[in-house]
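What follows is a single structure, written as structure tokens, with notes after it.
The values are calculated or read from the model by the stated rules, or taken from the named source; none is laboratory data. Because the structure is a prediction, the values reported are computed rather than measured. When we count neighbours, we look across all protein chains shown, and the Cβ atoms used for this are built from the backbone with ideal geometry, even at glycine.
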Amino acid sequence: MTVAKGPYDDCGTRTAHTRHVKEDTPICQACREARYAYDQRYRSDPVNKLARSLYGTARIAALRELAKVYPAEFQKLYVEKVRATFAKHELPVPMLVRKADAEDD
């Protein structure tokens with residue numbers, strides 16, 4: 001099956017897909033397929049799987065350390081981000097945030 005290419009000479013590549021996104025143009029089918037193929041290759045590579053896992057482990061360790069070193073600031077930021085995230089999705093404020101608000105009063 002031949003896929004119709006979009007407005008760029010290099011449509012059908014991940015680079016062109018990125019250009020569509022940056023320039024806010026409709027993403028052609030050829031670029032969608034190129035991006036999907038790239039993502040599939042990236043996700044199936046064992047080295048990339050390990051790297052993503054290790055980055056996640058390091059991120060969690062860093063957040064725990066920050067919470068220990070700056071407990072008040074971390075809690076304030078965390079509550080702020082939870083509140084904003086729930087509001088964005090039009091969900092009620094969780095008990096964690098309501099408890100933190102009560103402690104501030």
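So that you can scan it fast, the table gives a plain yes or no per residue for (1) under 21 Å from the mean Cα position of the chain (by Cα); (2) of a type in the set (K, R); (3) modelled with pLDDT under 90:
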position	(1), (2), (3)
A4	no, no, yes
T13	no, no, no
S53	yes, no, no
L91	yes, no, yes
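Please go through the stretch 3-62 and pick out each residue that is among the β-branched types (V, I, T) and outside any helix (DSSP H, G or I). Residues satisfying the conditions are V3, T13, T25, I27.
Matching residues to (1) of a type in the set (G, A, S); (2) loosely packed, with under 10 Cβ neighbours inside 10 Å:
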| residue | (1), (2) |
| --- | --- |
| N48 | no, no |
| S53 | yes, no |
| E73 | no, no |
| F86 | no, no |
| H89 | no, yes |
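Among the residues of the stretch 68-84, not a single one is of a type in the set (K, R), out of contact with any His (no Cβ under 7 Å at 6 or more places or on another chain), more than 30 Å from V97 (Cα to Cα) and in a helix (DSSP H, G or I).
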